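Right, one structure below, let's go through it.
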Amino acid sequence: MKMKFNWGTGIALFYIAFVLFWVGNLIFSATIPINLVEEDYYAQEIKFQDKIEMQKNTQKLKEQPILQYADNAFLIKLPSEFKRGDIKGDLHFYRPSDSKLDKVYPLALTAANSQVFDVSTLKEGVWKAKLSWESGEKAYYHETMFRK
């Protein structure tokens with residue numbers, strides 16, 4: 001017995017499959033978490049020029065700050081031209097893939113203008129260390145990427 005193909009049924013099946021595909025795609029997309037690069041990225045964008053000026057101040061220094069990762073420890077060393085008691089700032093460990101993992105530590109420098117941070121609690125992966133500090137009337141900024 002030979003069956004005839006019904007064009008109306010074929011078109012209806014195509015539209016049903018099409019709608020099911022898009023409903024499934026919508027449900028799948030709704031379950032994926034959306035991580036913003038920064039929670040307050042609009043405010044940070046407005047302050048972007050300030051950050052550029054801070055980076056220029058850092059580049060003008062006689063010696064550059066050292067930011068170094070090794071064996072679950074992160075070392076920062078500021079140039080010797082700064083007086084320890086005159087420095088205020090923080091070190092921000094920024095995780096590009098998940099901002100909930102970010103950590104910020106205040107600077108508490110030794111007499112040698114250095115500080116070691118224990119980063120054993122940071123998850124494995126790519127991190128950006130953002131160092132910002134003020135000394136006198138000037139603000140400074142330096143950053144580096146590292147893989148833990």
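Scan (1) open to solvent by less than 80 Å² (accessible area, probe 1.4 Å); (2) in a helix (DSSP H, G or I); (3) at pLDDT below 90 for the single condition N35 breaks and write down its number.
(2)
Quick check, is E45 over 17 Å from the mean Cα position of the chain (by Cα) and either at pLDDT 75 or above or surrounded by fewer than 13 Cβ atoms within 10 Å (Cβ to Cβ) (or both)? Show your work before the answer.
Numbers: over 17 Å from the mean Cα position of the chain (by Cα): no; either at pLDDT 75 or above or surrounded by fewer than 13 Cβ atoms within 10 Å (Cβ to Cβ) (or both): yes.
In short, no.
Looking only at residues that are outside any loop (DSSP other than H, G, I, E, B) and among the basic types (K, R) in the stretch 56-87, which one is surrounded by the fewest Cβ atoms within 10 Å (Cβ to Cβ)?
Step one: of the stretch 56-87, the residues outside any loop (DSSP other than H, G, I, E, B) are 56-59, 66-70, 73-77, 84-87.
Applying the additional criterion that residues be among the basic types (K, R) yields 56, 77, 84.
Numbers: K56: 11, K77: 18, R84: 15.
Checked the stretch 56-87; the qualifying residue surrounded by the fewest Cβ atoms within 10 Å (Cβ to Cβ) is K56.
Results for (1) among the polar types (S, T, N, Q); (2) within 27 Å of P33 (Cβ to Cβ); (3) within 19 Å of the chain's Cα centre (by Cα); (4) surrounded by 13 or more Cβ atoms within 10 Å (Cβ to Cβ), shown as yes or no for each residue.
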{"site": "P96", "(1), (2), (3), (4)": "no, yes, yes, yes"}
{"site": "V104", "(1), (2), (3), (4)": "no, yes, yes, no"}
{"site": "L109", "(1), (2), (3), (4)": "no, no, no, yes"}
{"site": "F117", "(1), (2), (3), (4)": "no, no, yes, yes"}
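Among K128, K100, K123, which is within 29 Å of I32 (Cα to Cα), part of a strand (DSSP E or B) and of a type in the set (D, E, K, R)?
So the residue among K128, K100, K123 that is within 29 Å of I32 (Cα to Cα), part of a strand (DSSP E or B) and of a type in the set (D, E, K, R) is K128.
Provide a single number: the residues in the stretch 106-148 that are among the hydroxyl-bearing types (S, T, Y) and closer than 19 Å to M54 by Cα. Steps first, please.
The initial filter retains those residues of the stretch 106-148 that are among the hydroxyl-bearing types (S, T, Y), namely 110, 114, 120-121, 132, 135, 140-141, 144.
In the following step, the residues that additionally are closer than 19 Å to M54 by Cα were identified as 132, 135, 140-141, 144.
Total meeting the criteria: 5.
The values are calculated or read from the model by the stated rules, or taken from the named source; none is laboratory data. As the structure is a prediction and not an experimental result, all values here were calculated from the model. Cβ: placed from backbone, ideal geometry, glycine included. Neighbour counts: every protein chain shown. The protein model used for the area step is the full one, side chains on, heavy atoms only, and it has no ligands, DNA or RNA in it. Shrake-Rupley method; radii C 1.70, N 1.55, O 1.52, S 1.80 Å.
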